[in-house]
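Quick notes on the structure that follows.
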Amino acid sequence: MNTRSATLAAALALLAAAGASADGGARMPAQVPKAYTAECGACHTAYPPALLPRESWRRIMTGLDRHYGSDASLDAGTVRQLDAWLQATAGTSKKAREAPPEDRITRAAWFLREHRKVDAATWALPSVKSPAQCAACHAGADQGRFDDDDLRIPEGLSAAQRRAWRD
């Protein structure tokens, strides 16, 4: 391979890597404990661990009996397993370095910035329910894909809201 071909191959590899991390590196890890998907995903999106720092996940896991107004208690073995996995896969990117208020992903500065045009009526739709239901609009949320190119319009939007959605 000549120098020009090698340079082109390196540039293409960098572009591919940049595209793969366009979501800020928040993809769901390859190995996800079944308990995480089953337990956490039962009430809201089972978020990619990279969206929060270790400290946030630790507080969440030690407060499951009062998890944002619900009792999400799990047996001690499952808590240990999930906590170890969350600690190992927690966010370290700029996006996840600082814990959001109340350790809520939906209150993180980046989340609010990304969703600043979503009105309260959209969050309240029966097809959406709350900002925690990422999969209502993000088709790849369960794999940690939140790219704008994969957005779907939630059911129940008015004609005016659908027009605004496309803007």
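Any read-out appearing in this document is the output of simple, stated calculations on the displayed coordinates, not a laboratory observation. Note that the structure is predicted; figures quoted are calculated from it, not measured. Quick reminder, even Gly has a Cβ in these numbers, built from the backbone with ideal geometry, and neighbours come from all protein chains shown.
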Study note, to complete from the structure: Under 5 Å from the placed amide H of HIS67, counting only residues 5+ away or on other chains, we find ALA72
Check your understanding: Based on the alpha-carbon gyration tensor of segment 23-166 and its eigenvalue square roots a ≥ b ≥ c, which shape applies: rounded if a/c is under 1.5, prolate if not and a/b is larger than b/c, or oblate?
Key -> prolate
Exercise for review: Output ³J(HN,Hα) for segment 57-62: one whole-Hz value per residue in order, computed from phi by the Karplus curve 6.51 cos²θ - 1.76 cosθ + 1.60 with θ = phi - 60°, and x for Gly and Pro.
Suggested key: 4, 4, 5, 4, 5, 8
Review point. Hey, got the dipole for segment 23-166? About the Cα centre, +1 on K and R Cβ, -1 on D and E Cβ, debye to the nearest 20?
Key: 400 debye
